[in-house]
1. Taking region 115-155 on its own, how many of its residues are aliphatic (A, V, I, L, M), touching a Lys or Arg at 6+ places or on another chain (Cβ under 8 Å) and not in a helix (DSSP H, G or I)?
2. Can you pull out every residue in region 165-190 that is crowded, with 17+ Cβ neighbours inside 10 Å and either polar (S, T, N, Q) or in contact with a helix residue (DSSP H, G or I) (Cβ under 8 Å, 6 or more places away or on another chain) (or both)?
3. Which number in (1) in a strand (DSSP E or B); (2) over 16 Å from the mean Cα position of the chain (by Cα); (3) of a type outside the set (Asp, Glu); (4) under 18 Å from MET290 (Cα atoms) marks the one condition that GLN497 misses?
4. If a residue has to be among the small types (Gly, Ala, Ser), under 20 Å from the mean Cα position of the chain (by Cα) and under 30 Å from LYS74 (Cα atoms) to count, how many in region 423-449 make the cut?
5. Since GLU327 meets every condition but one in (1) farther than 27 Å from PRO469 by Cβ; (2) modelled with pLDDT under 95, which condition does it not meet?
6. Looking at region 273-282, can you tell me whether even one residue there is more than 29 Å from PHE67 (Cα to Cα) and aliphatic (A, V, I, L, M)?
7. Anything in region 58-73 that is buried (at least 24 other Cβ atoms within 10 Å of the Cβ) and either assigned to a strand (DSSP E or B) or touching a His at 6+ places or on another chain (Cβ under 8 Å) (or both)? List them, or say none.
8. Looking at region 242-258 only, could you name the residues that are within 21 Å of the chain's Cα centre (by Cα) and surrounded by fewer than 15 Cβ atoms within 10 Å (Cβ to Cβ)?
Amino acid sequence: MTTPIFNSRRSPVYSRRGIVATSQPLATAAGIEILSKGGNAADAAVACAAALNVTEPTSTGIGGDMFALYFDSKTKQVTALNGSGRAPSALTLDRLKKENLLADELPPYHAHTITVPGACAGWCDLIEKHGSLSLSEILAPAIQLADEGFPVAPLTSYFWASGVNRQLKSALNGHELTIDGRGPKAGEIFRNKGLAKTLSVVAEKKAEGFYQGQIAEAIVSVIKEAGGCMSSEDLASHVSTWETPILVNYRGLRVYECPPNGQGITALIALNILEGFDLTSLDSLSPEKMHLMIEAMRLAFADASWYVADPAFAKIPIPLGELLSKEYATERRKLINLKRATIDQKRGTPVASSNTVYLSVVDGFGNACSFINSNYMGFGTGIVPKGWGFTLQNRGHNFSLDSNHPNALEPRKRPYHTIIPAMVTRESDNSLYASYGVMGGFMQPQGHVQVLSALKDAGLDPQSALDLPRFCIDVEESGGKVAIEEGMPKNTMDALQKMGHPLYEVGGYNRALFGRGQVIMRDNETGVLCGGSDPRADGCAMTL
């Protein structure tokens, strides 16, 4: 077993009755409260998501999207829920051209980047299929936090202040999420009466209360005022979808991800490539292992950037089977030079003539929910439906404005989505191995690969796996630069640079670049759960 490069400030959490792991202690406590009332993993996950909307609006909210994977302990089946929204029906590339917005990309906080918020419908659908408690019981902790107020955590305070300067100070009604025009200080009480009202409406009327009625009217009104074109019908017709998860086998484990339009396939392609190398013989932070993982991720992103799109709009079917096959991985693996970095990997041809909060819950019954919810870019657009206390996401910024690209903007289309949860079972009996994820834009599949390798290849416990320094390839920047987190051994960085990797070191608050993960593992013999929470966030893992 490899020893972490620095000591954790936290110990792993052990339990037999259930564990909740989130990026905010009050949200973790909300999940524990629901488990203590007899709720299951789905109930607790939605309670956490709602509480995170209150306590960490810098990253997530009911104005954004969600995805979830759910492991049912009785059937040992994993189901995938896609709670992402679609572009407005009136938004087209021709419209952008007429409005002089058809450049390389949309302005990141423009109202046209707002896709229908899918989170609320996703919460309700998850509870309807897998939950055991009423929505009013599940949302009660979050409503109380919003109504009575809560002390803001330190890292959240820092990013809140950044979001005020970046979005809220200029966005319509953004002041609703400030205190006299500024972000709350660490330890300062923040009350959000508008969000308490929103959650109370949803608790009573479920998804209909959000997508129709006063909340929907406020959403349409503020988007129109900001120059957007979302309609009442766009909201009323929204549905989330239950889908078959995609998976690969990795060293005796089945690794599950949600299918496109999410980017989970990126992690699976990389794992398939890495399976052909003996990573167990390499130190976790050795230059040899880092090189292989970086190169595998480059190859995976080369494919994902082309093939990940809304399959309902694909001109040809996304070749999921071929992209995830061992044969395709063998061919892609041949492109890795063991001694030199290859910065400009191209996508393959698998077909002959496809800011955020992450939380994990495993209950005492053995059910698991891997859950992710996001506004994107912190507060999203920063635009707030007047009086309702939440911001609207800017996921539409991920659309391509190239009409020939599979991810090109089209009316009622879902964009390439960065947020991805993961679930892992054992190949031998499909028992739960781990419910985990790492939030953070294009870092997410990179985090999935690095953390899973630490768990499986290095044999680390969840907390130690999360503590390890990480790398992050700048997918959106030219030149293939690789960010390296402070704490990475100097000899590793020196060796990677000699191989041709363009590196730069990142520390302090900027370590948020490397994502914030949660991991809960289950021992198959004893049933003991072991949880960890990322030191890059304010949160914790807590046991019932």
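1. 3
2. GLN167, LEU168, LEU172, ASN173, GLY174, GLU176, LEU177, THR178, GLY183, PRO184
3. GLN497 satisfies every listed condition except (1).
4. Here the count works out to 4.
5. For GLU327, the exception is condition (2).
6. Within region 273-282, one or more residues are more than 29 Å from PHE67 (Cα to Cα) and aliphatic (A, V, I, L, M).
7. Passing the criteria: ASP65, MET66, PHE67, ALA68, LEU69, TYR70, PHE71.
8. TRP242, THR244
The values are calculated or read from the model by the stated rules, or taken from the named source; none is laboratory data. As the structure is a prediction and not an experimental result, all values here were calculated from the model. For neighbour counting, all protein chains shown are included, and Cβ atoms are generated from backbone atoms with ideal geometry for every residue, glycine included.
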